[in-house]
Amino acid sequence: MSKNVLVVAETKNGKLRNVSFEALTIAQSVADGGEVAAVLFGSGAAAYLEEISRYGAARLYVSDHEALSTYTAEAYTQALASLIQEVQADIILMGNTAIGKEVAPRVAARMGMGLISDCTSVETNEGNLVFTRPIYAGKAFEKKTFCKGKEFATLRPNNFEKVIKPAQTELVSFQPEIQDLRKIVKEIVKKTAGGVDLSEAKIIVSGGRGVKSAEGFQPLRELAEVLGGAVGASRGACDAEYCDYSLQIGQTGKVVTPDLYIACGISGAIQHLAGMSSSKIIVAINKDPEAPIFQVADYGIVGDLFEVVPMLTKEFKKALVTS
Amino acid sequence: MKILVLLKQTFDTEEKISLQNGKINEQGVEFIINPYDEYAVEEAMKLKEELGAEVTILTVGPSRTESALRTALAMGADKALMIEYNGSEADEYVISNLIAAAIRNQGFDLILGGYMAVDSGAGQIAIRVAEILGIPQIAAITKLSIVGRNATAERDVEGDLETIEVELPFLATAQQGLNEPRYPSLPGIMKAKKKPIEKVLADELEISNEERSVRTEILDQYLPPKKQAGQILTGEMDHQVSELVQLLRTKAKVI
């Protein structure tokens, strides 16, 4: 049965987020002949029309409503809820991002809908959509389905393929009614280093207590730069003030699923594993051969990170130049 | 000021997860206050000390959850409300409807909760409650100050810092870094024994049949497949390093 799918796209630092393309790709596979539409809130959204069209959306909804120019969960909620009605969406997909985590539950509550959060896989079983999601910080998984109403899910970034499928995308502007809930965003301080976003990074070089100091992160940064990746950290490194908490990966902190995770001087406490154990390939570099991180690692080097990491950087530089 | 804290009792984060009949096994498990909810309780205590407030703790769950409520009362909360629910099928939609029904028209100025529960990891309940009650929310706060009816909060947005201003009443969810939760003191534990816990059965709350009917269901819970043992490289360090680069490029194909 064909279904209308609405994808809530998102930008970050002026670029469409990768998870939005992943959501559009999933949308194609679950629409079953129905229409895939996208919505992008915020001013200047129309500029992303061409990029959205590469992933097969039939329409892109934008709104120049003043209340949507700066993100607030309350305004986005009202706008999205009215759009879901307008386009008669059967399935709504968005990223499990900071915005998705706030807006999706609010919209679901507003419209009396179910919501399956933080999905890592979506499949069809006898015509029904089945959503897989990690529970207990990735120590277990569950499969969920909808038994009533519209289907609404948020997707964990980096867990779905994105497939280009060019389409003619029609730009449609809409004007939702938005009631002011008197919340003011006063200031946004960017603490995350420009460039690669941790939650969507394909490669992460991460440091733990073993980096010993703030300066100790320098060789990790150099390796990450050569690989075009991002730098992360364990809670231990953040607690010891070697780096900002914005880099923290773990049960508290960010959950990441990169293609390659290089853990340097990280022992592998269960709280850290919860944030990175689903990475496709894990490399551990640690002096202690008994460190639990080696139990989840695909490849391990027992050695001093201050020796190994610069050597790796050099070797990758060499290899990537000759390729 | 009247503060409500939404609290969930969860598995201790160090617990090993096992299965029984396709469901997560709760037998013999150590239960704690969900760590993010503990930050919410602590924040309520700090506001109470600073501004004066009556703090109520609310939970939904089976009778075992009473111990989590006692712990929160021992930390200094004034009273607790327990929505007794022994089933496992209620989803976020139903649970948030139950909570909203229990607290509606009680005039809470501030509702605090955790950013998410470490068991389900969905992070839906508190935010749904805010929407049902029609109040604004600030998710993942790392700092909160209240002067009169005005509040300023800092929140974590994927590592960036957002400063929000809002008027009471509103709901906020606690992120790590908000505070350092206190341990209950011995006198606190003694006092908590005499503090009231009001119990109401989920079935007795006045919500419509529609509001009681789940939207989602769990088909299966399972443990991830055991990861194959990794490969520890050996030999001279420069050889190990070049072998690793080779493996990542030609075998794992991630670079």
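Of the beta bridges in region A:5-173, as assigned by DSSP with both residues counted there, near 35 percent are antiparallel. Backbone phi angles across region A:207-221, fed through the Karplus curve with coefficients 6.51, -1.76 and 1.60 (θ = phi - 60°), yield HN-Hα couplings of x, x, 4, x, 6, 6, 6, 4, 5, x, 6, 4, x, 5, 4 Hz in residue order; Gly and Pro are listed as x. Value of Rg to Rh for the protein assembly as shown, rounded to two decimals, is 0.96; Kirkwood radius and Rg both from alpha-carbon coordinates. Residues whose amide H falls under 5 Å from that of residue A:135, counting only those 5 or more places apart or on a different chain, are A:140, A:141, A:142, with hydrogens built in the peptide plane. Note down the nm distance, to one decimal, between modelled labels 7 Å out along Cα→Cβ at residue A:188 and at residue A:161. Distance between the two pseudo-spin positions: 3.3 nm.
When peptides A:221-234, A:301-314 are ranked by their average number of other Cβ atoms within 10 Å per residue, the highest-first order is A:221-234, A:301-314. Let's test the formula: R0 of 30 Å, r as the Cβ-Cβ distance of residue B:50 and residue B:79. What FRET efficiency results, to the nearest 0.05? Once the sixth-power term is evaluated, E becomes 0.90. Only Cα pairs under 8 Å and 6+ residues apart enter the sum, and on that basis the relative contact order of chain A stands at 15 percent.
Full extension of the chain segment joining residue A:147 with residue A:295 gains 49.4 nm, where the gain is 0.36 nm per residue of separation less the Cα-Cα distance. The length gained by stretching the chain between residue B:236 and residue B:210 to full extension, at 0.36 nm per residue less their Cα-Cα distance, is 2.6 nm. The calculated FRET efficiency for the pair residue B:203 and residue A:86, based on their C-beta separation and a Förster distance of 51 Å, comes to about 0.85. For region B:127-137, the Karplus equation 6.51 cos²θ - 1.76 cosθ + 1.60, evaluated at θ = phi - 60°, returns couplings of 5, 4, 4, 4, 5, 4, 7, x, 10, x, 10 Hz by residue, with Gly and Pro reported as x. Phi angles across region A:60-77 convert, under the Karplus curve 6.51 cos²θ - 1.76 cosθ + 1.60 with θ = phi - 60°, into 3J(HN,Hα) values of 10, 8, 9, 9, 9, 4, 4, 5, 9, 5, 10, 5, 9, 4, 5, 6, 4, 4 Hz, Gly and Pro given as x.
If exposed means no more than 13 neighbouring beta carbons inside 10 Å and the site is in a DSSP loop, what's the longest run of chain B without any exposed trypsin sites (Lys or Arg not before Pro)?
Answer from the scan: B:17-103.
Amide H to amide H, with H built 1.01 Å from N, residue B:115 comes under 5 Å of B:174, counting only residues 5 or more places away or on other chains. Residues A:243, A:238, ranked from the fewest to the most other C-beta atoms within 10 Å, line up as A:243, A:238. The DSSP beta bridges internal to the protein assembly as shown are antiparallel in roughly 35% of cases.
If the chain linking residue A:128 and residue A:51 were pulled fully straight, counting 0.36 nm for each residue of separation and taking away their Cα-Cα distance, it would gain 24.7 nm.
Please average, across the residues of B:123-136, the number of beta carbons from any other chain that are within 10 Å of each residue's own beta carbon, and give a whole number.
Counting other chains' Cβ atoms within 10 Å and averaging over B:123-136 gives 6.
Summing Lys and Arg as +1 and Asp and Glu as -1 over all other residues whose Cβ lies under 10 Å from the Cβ of residue A:133 gives a net charge of +1. As a proxy for reagent exposure, A:17, A:54 were ordered by neighbouring Cβ count within 10 angstrom, fewest first; the result is A:54, A:17.
Placing R0 at 25 angstrom, the Cβ-Cβ distance between residue B:2 and residue B:183 gives a FRET efficiency of 0.45 after rounding to 0.05.
By the count of neighbouring beta-carbon atoms within 10 Å, fewest first, A:65, B:239 end up ordered B:239, A:65.
Quick note: the coordinates plus some simple rules give every number you see, no bench work behind them. Everything numeric here is computed off the predicted structure, so don't read it as measured data. Methodologically, a virtual Cβ is constructed for each residue, glycine included, from the backbone with ideal geometry; neighbour enumeration extends over all protein chains shown.
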